[in-house]
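Read the structure below first, then the notes.
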Amino acid sequence: MFRDPKPQKISLSDWSQQFKLVGEEQIKKFTYYRNPEWGIYLSPPATFMVYGARELKRLKFDNSMASLRLWGFVFNESERLFRAKQIGKRVIATMGDLGTVPVIIMAFPHCIPFYPECIWWTPFFKESTVLLDVATEMGIPEAACFSKATLAAFYKKAYFPKPDLIFASTGASCDDYSCIMQQIEDLGYDPFWLEIPFRRDDLNPPLGGLRQEEYLISEYERVWNRMVELTGINDKNRLIQSIKKANRLRSLVANLKKLTYEASIAPLPALEMMTIEFGNLYGYADSDEWLNILEMVQETICNRVKQGVGVLEEDAIPIAWITPSADPLLLNLVEDFGLRIVETEYVINQALVPIEEDIESFRALARSFLKASLIGSTKERVKRIIDGVNNGRIKGVLITNMIGASHCAMETRLMEKMLSDVPVLSIDVPAPFGITEQLRTRIAAFTETIKNK
Amino acid sequence: MSLMVDKKYEILNPRERFGLLVIDEKPDRCNIIPLITSHAAAVTGISLKDYYTNGTAMAKAQIAAIEEYGHDAISIFSEVGIIAEAMGSEFIYPDDDLPVLKKPALTGLKQTMDCLRQPDPKKDGRLPVYLEAIDYAYSAVGDKIPILAYVPAPFTTGMMLSDPNQFLLDTIKNPQRVKKIIEISLNAAIEFCYEIINAGGLPILVDPLASGSVISPKAFRDFALPGEQGLINFLHRYDFDVILHICGDTTPLLDSLILTGADLISLDRVDLNLAIQKLAKKIRIIGNFDTTKIGFGSTDEIAKEVKEMVRIGIKAEKGYIASTGCEVPIRTPVENVKTFISAAKEVGWYWG
């Protein structure tokens, strides 16, 4: 019987060694879609490495059962989506919207939302340029956002099943990704387009905000109607329930962030935390099981905080991280240099804002979306971080840029300017297998700068 | 312009193709994995001794074979004595042939089980050679090509630990001794699998000496099956889909093969139609082109018969891998293997 050992980050082979202690009953206990035949997912990282996720050989992972469960579930997602289709569920792709459309989709029975663009991690986990090269051959320039891997995945049909429906959001989303979505349409897919309004008009509230709210409501109604057309079901009570479930997920993640980022010793590594934050988008294609996993993670974190133990040194230097890294290894690397993430402004903060439950559902969804930091100004995006710097909680800021992603090109310089009171390291995430000594040296220098300040 | 694919050309790489197979999805075409093992040495022109004593050489030869033929997996393997050797059996290494059993670990009347050592896969015998080969191949091409590592099952290893004739006699005269040898061999195989997995290889079980040509169905159930089941259970803990290969005529064993728990079964001298009828609803089928024919047949004959085989094979409900019934003979003409693969590629399509 496996019991959590003293918390630490361990390698893939360490996890394999630990996995020997995991009992059969523990392995069989956890399933997705409650299917005991193929729904078991509690496997060590080595399993997924054997199936091609080569970077796992170099990554370090949290050593708790909750994290084993988390990784098994996350790495199993591709199979899960195929299995969903095999058992008659509808698989719905949502692109470019960051967290709201899935709440609508989950209101329909047997409908599974997923984000094809999350495939951008695949080239890094596999240390492979296969998908990026195919996208390049299909006309996406080499210097485009790594989300171009999505185009190749749609073309190859081996990473997720053919979606029953595709919702594609354009407007105030990444320009590169908008182009990629159009290319996907050129492949013969038939996306249902909706538009995200331009940034909230902070200078002219409430009129600017109100107009955008009404516009978003009308867009969400279109999404709803298309789903009704697909499923033949039109039950708004189910949307209310779906919102409640989304809020449970959002509040759980908010609590995990608070517990982890405010503890005296980091109870969970940054890599697992980023994975948790991204799960907020759609629950990795089985939101019920994802909620169970998060509850287990919460219990683990609470125990660690209570015992005053964690996975990093107590004197690790607290920093904030802006924009997620496509390469998971970077998160490991930063911690290896003695840094600790205590605040994040990943683009998925969009899926963290609570949704009001006592007003009409579409309005609640629109308001939640418009309240989030990404749709606000750059100033708003960095506000929490500046507050953290001012109260001494944050000692440095790391910004990872995606070459080609328009929001990075537009905002990084502005952010650097606004964060002039604190050391800032801005790096372009290199292509798979591309973390060089030079990059390591820059992170080392950043760490030294903070220490000497 | 629509880029939606409707033509018969390869969209997936071997890794993607194999990945779909093991989740019960049909890939663009069937996986084509003839058992190209030591034949890879002949493709690259290195000596067999170099191939099976030098992991990097083995991996490079396998990669060169893939480049030459375009099949769908790397096969890390030379011969079935590898675990027995690490446990104490002695082998001769001819320069241009596969290792030959010289002295089994259990030789003579006084030999007891104590003389069998539990091998350390990182140190003993040529197990490190295999691990080095897996590591090299995985680093070089593991993102695009599955790395299959063949592991002798306990019954076969047991036979290589003893005088083979005596071992077979003991299945009748001294079954407890045979069972003990198999139990010890199982532990050794599990440790080896464990290291193979950590290196990036997918263990495949081979139990050629448990063939219906060698033992009876009862002996299979009593002795070979428990060892296979033990190893398969271990690999299922990791959620791997397990391939089991048994050489020879397994027609009398077909019903028992389900009991092994294997997810893919690699067959040799069996009527493919019969195998599909009996197994294909529960197990994926691999096989089973006559290795004599690929070694010595004409290319016309090979092309015709491979197409017939693949047309039957792709009807298997849970999936099919076009393969040879056993290892491609070492000195098989390159043209013959190319013919096998191009014929399979011509008719093995699921998409389009």
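Per residue of B:15-25, other chain Cβ atoms within 10 Å of the residue Cβ number 5 on average.
Spin-label pair A:ARG238-A:ARG393: with each label point 7 Å from Cα along the Cα-Cβ axis, the two points sit 4.0 nm from one another.
Report summary: the helix-based calculation at 222 nm, which adds -39500 (n - 2.57) for every DSSP H run with n ≥ 4 and divides by the residues of chain B, gives -13500 deg cm²/dmol.
Among beta bridges identified by DSSP and lying wholly in chain A, the antiparallel ones come to about 10 percent.
Across the options A:LEU439, A:TYR177, A:GLN212, the greatest Cα extent toward the positive end of the charge dipole of chain A (unit charges at beta carbon of Lys, Arg, Asp, Glu) belongs to A:LEU439.
If each Cα of the stretch A:269-338 is one equal point scatterer, what is log10 of I(q)/I(0) from the Debye formula at q = 0.12, 0.14, 0.23, 0.28 Å⁻¹? With no solvent term, the Cα-only Debye profile gives -0.40, -0.54, -1.15, -1.25. With the gyration tensor restricted to C-alpha atoms of the stretch A:223-294, the semi-axes of the equivalent ellipsoid amount to 32, 12, 9 Å, longest first.
Extension gain, B:TYR93 to B:LYS122: 0.36 nm times the residue separation minus the Cα-Cα distance gives 8.4 nm.
When only alpha carbons are used to place a centre, the stretch A:130-203 and the stretch B:27-105 end up 44 Å from one another. For helix B:175-199, report the angle its Cα long axis makes with the longest principal axis of the Cα atoms of chain B; keep it between 0 and 90° and round to the nearest 10°. Here the helix axis deviates by roughly 50 degrees. Using C-alpha pairs below 8 Å separated by at least 6 residues, the relative contact order for chain A is 16 percent. For the peptide A:22-32, the mean number of other protein chain Cβ atoms found within 10 angstrom of a residue's Cβ is 1.
In this structure, the amide hydrogen of B:PHE289, modeled 1.01 Å from its nitrogen in the peptide plane, lies closer than 5 angstrom to those of B:SER323, B:THR324, B:GLY325, counting only residues at least 5 positions away or on a different chain.
Summing Cβ point charges (Lys, Arg +1; Asp, Glu -1) relative to the Cα centre of chain B gives a dipole of roughly 600 debye.
Secondary structure note: in the stretch B:246-340, about 0% of the DSSP beta bridges are antiparallel.
In terms of its C-alpha gyration tensor, the stretch A:37-165 has an oblate overall shape, because the principal axis ratio a/c (a ≥ b ≥ c, square roots of the eigenvalues) is not below 1.5 and a/b does not outweigh b/c.
Each Lys and Arg contributes +1 and each Asp and Glu -1, all at the Cβ; summed about the Cα centre of the stretch A:9-452, the dipole is approximately 700 debye.
With a simple spin-label model that places each label point 7 Å from the Cα along the Cα-to-Cβ direction, the separation between A:LYS29 and A:PHE198 comes to 5.4 nm. Calculated mean residue ellipticity at 222 nm for chain A: -15000 deg cm²/dmol, from DSSP H runs with n ≥ 4 weighted as -39500 (n - 2.57), summed, divided by the residue count and rounded to 500. Using the Cα gyration tensor of the stretch B:106-232, with a ≥ b ≥ c the square roots of its eigenvalues, what is the shape: rounded (a/c below 1.5), prolate (a/b larger than b/c) or oblate (neither)? Verdict is prolate for the stretch B:106-232.
Computed over the alpha carbons of the protein assembly as shown, Rg followed by Dmax gives 28.4, 97 Å. Normalised size of the stretch B:184-271, defined as Cα radius of gyration per 2.2 N^0.38 Å with N residues, equals 1.05. Magnitude of the charge dipole for the protein assembly as shown, about its Cα centre and with charges confined to Cβ atoms of Lys, Arg (+1) and Asp, Glu (-1), is about 1260 debye.
Applied to the stretch A:277-285, the Karplus parametrisation 6.51 cos²θ - 1.76 cosθ + 1.60 on θ = phi - 60° returns per-residue 3J(HN,Hα) values of 4, 5, x, 4, 4, 7, x, 6, 6 Hz, with x for Gly and Pro.
Working note: Karplus 6.51/-1.76/1.60 with θ = phi - 60° gives the stretch A:81-91 the couplings 5, 5, 4, 4, 5, 4, 9, x, 7, 9, 9 Hz, where Gly and Pro are set to x. Considering the options A:VAL334, A:ILE317, A:ILE276, tell which one lies farthest towards the positive end of the dipole of the stretch A:209-348, charges being +1 on Lys and Arg and -1 on Asp and Glu at the Cβ, about the Cα centre. Result: A:ILE276. Shown here for the stretch B:220-256: chymotrypsin sites (Phe, Trp or Tyr not before Pro) in loop regions (DSSP other than H, G, I, E, B) with at most 13 other Cβ atoms within 10 Å, of which there are none. Between A:ARG340 and A:ILE317, A:ILE319, the built amide H atoms are under 5 Å apart, and every one of these is 5 or more places off in sequence or on another chain.
Extension gain, A:ARG211 to A:ASP421: 0.36 nm times the residue separation minus the Cα-Cα distance gives 72.0 nm. In this structure the amide hydrogen of B:ARG269, modeled in the peptide plane, comes within under 5 Å of the amide hydrogens of B:GLY248, B:ASP249, B:THR250, none closer than 5 places in sequence on its chain.
For the set A:LYS60/A:LYS379; A:LYS258/A:LYS379; A:LYS89/A:LYS156; A:LYS28/B:LYS282; B:LYS26/B:LYS144; A:LYS148/B:LYS345, the pairs lying more than 24 angstrom apart at their alpha carbons are A:LYS60/A:LYS379; A:LYS148/B:LYS345. Can you work out D for chain B in µm² s⁻¹ from Stokes-Einstein, where Rh is the Kirkwood radius over C-alpha pairs, the temperature is 37 °C and the viscosity is 0.692 mPa s? Using the Kirkwood radius from Cα pairs, D works out to 162 µm²/s.
Under 16 Å from a label point set 7 Å out along the Cα-to-Cβ vector of B:ASP163, the amide N atoms of the stretch B:73-105 belong to B:90, B:101-105. Taking θ as phi - 60° and the Karplus parameters 6.51, -1.76 and 1.60, the scalar couplings of the stretch A:66-75 work out to 4, 6, 4, 5, 4, 5, x, 5, 5, 5 Hz in sequence order, x denoting glycine and proline.
Loop sites by DSSP among the GluC sites (Glu not before Pro) of chain A, restricted to those with at most 16 other Cβ atoms within 10 angstrom, leave A:143-312 as the longest stretch without any of them.
Between B:GLU183 and B:THR251, the modelled labels are 3.7 nm apart [label points 7 Å from Cα along Cα→Cβ]. Cα extents for the stretch B:1-156 along the principal axes, largest to smallest and rounded to whole angstrom: 77, 35, 22. Shown here: the stretch A:9-452, whose C-alpha atoms stretch 59, 58, 48 Å along the first, second and third principal axes, sorted largest to smallest. Helix B:127-141 versus the longest principal axis of chain B: what angle, 0 to 90°, nearest 10, using Cα atoms? It works out to around 20 degrees.
No value in this document is a laboratory result; all are computed from the given coordinates. From a predicted model like this one, the values you see are computed outputs, not experimental measurements. With ideal geometry, Cβ positions are generated from the backbone for all residues, glycine too; neighbour counts draw on all protein chains shown.
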